[in-house]
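Below: the structure, in structure tokens.
The values are calculated or read from the model by the stated rules, or taken from the named source; none is laboratory data. What you see is a predicted model, and the numbers here were worked out from it, not measured in a lab. Neighbour counts run over all protein chains shown; Cβ positions are idealised from the backbone, glycine included.
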Amino acid sequence: MISPAIHLGHKLDPATLDSLADFICGDGDRFPVYRSSSYLTRFFQNVGINATHDGSTRKWWVLEVLKQLHPSDLEKVILRLVDMREYKGVRDDLKLAARSMNDILAMDNLAIGFNGSQPLLRRAETMALDESEIFSAIPAKWQVFKAAFNQIKASNN
């Protein structure tokens with residue numbers, strides 16, 4: 001069952017805010033729009049937030065703006081980032097935005113849903129994690145270290 005729409009009533013975790021700052025700045029790969037200085041200012045002003053980029057590093061400036069926002073303004077930012085109008089109707093960009101946003105919001109047990117084309121905030125669906133898979137799997141990059149360690153250990157015996 002999909003949870004009903006909710007409103008953001010609390011501050012988000014710093015890791016979530018950091019990822020939102022990455023999303024807003026954009027990179028053209030993980031996020032659909034790269035925003036230069038003037039476009040960062042325009043983005044915030046389009047959601048009713050009076051913020052003008054001061055020329056500092058984009059990511060850190062955006063993160064500071066986000067940290068200062070009331071939860072209701074932060075909700076406006078989140079919803080605008082997954083609004084069809086932000087992408088001028090380009091559905092592939094909207095799909096990328098929604099997937100990326102849900103990955104980010106999952107850290108705070110939140111998700112984006114849609115009522116028609118209107119985005120809404122809701123509680124995330126319960127994630128099913130296979131603990132045996134998580135705790136037994138060794139990432140491939142660590143296999144090299146494990147092999148080297150075992151080789152050193154064997155040569156010292």
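Scan the stretch 54-65 and tell me whether some residue there is touching a residue at least 40 places away in the same chain (Cβ under 8 Å) and under 19 Å from residue 82 (Cα atoms). Yes, because at least one residue in the stretch 54-65 is touching a residue at least 40 places away in the same chain (Cβ under 8 Å) and under 19 Å from residue 82 (Cα atoms). Total residues in the stretch 23-35 satisfying the condition of being in contact with a helix residue (DSSP H, G or I) (Cβ under 8 Å, 6 or more places away or on another chain) and more than 20 Å from residue 119 (Cα to Cα): the figure is 3. Consider the stretch 80-114 and keep the residues that are of a type in the set (S, T, N, Q) and surrounded by fewer than 18 Cβ atoms within 10 Å (Cβ to Cβ). The one that is farthest from residue 24 (Cα to Cα) is 109.
Scanning the stretch 1-17 for residues that are surrounded by 19 or more Cβ atoms within 10 Å (Cβ to Cβ) and in a helix (DSSP H, G or I) yields 16, 17.
Would you check if residue 48 is more than 17 Å from the chain's Cα centre (by Cα), on the phi > 0 side of the Ramachandran plot and touching a residue at least 24 places away in the same chain (Cβ under 8 Å)? Break it down into steps so the answer makes sense when it comes.
Working: more than 17 Å from the chain's Cα centre (by Cα): yes; on the phi > 0 side of the Ramachandran plot: yes; touching a residue at least 24 places away in the same chain (Cβ under 8 Å): yes.
Yes, satisfied.
Taking the stretch 21-51, which residues are surrounded by 12 or more Cβ atoms within 10 Å (Cβ to Cβ), of a type in the set (S, T, N, Q) and assigned to a loop (DSSP other than H, G, I, E, B)? Answer for the stretch 21-51, where residues must be surrounded by 12 or more Cβ atoms within 10 Å (Cβ to Cβ), of a type in the set (S, T, N, Q) and assigned to a loop (DSSP other than H, G, I, E, B): just 36.
Considering every residue within the stretch 52-62, establish whether at least one is at pLDDT below 95, touching a helix residue (DSSP H, G or I) at 6+ places or on another chain (Cβ under 6 Å), surrounded by fewer than 18 Cβ atoms within 10 Å (Cβ to Cβ) and among the β-branched types (Val, Ile, Thr). Checked against the condition, which is being at pLDDT below 95, touching a helix residue (DSSP H, G or I) at 6+ places or on another chain (Cβ under 6 Å), surrounded by fewer than 18 Cβ atoms within 10 Å (Cβ to Cβ) and among the β-branched types (Val, Ile, Thr), the stretch 52-62 yields at least one hit. Note on the stretch 66-79: among residues that are surrounded by 14 or more Cβ atoms within 10 Å (Cβ to Cβ) and not charged (D, E, K, R), the one that is farthest from the chain's Cα centre (by Cα) is 69.
Between residues in the stretch 115-132 that are of a type in the set (D, E, K, R) and residues that are at pLDDT below 90 and not in a loop (DSSP other than H, G, I, E, B), which pairs lie under 9 Å by C-beta distance while being six or more apart or on different chains? Filtered contacts from the stretch 115-132: 122/5; 122/6; 123/6.
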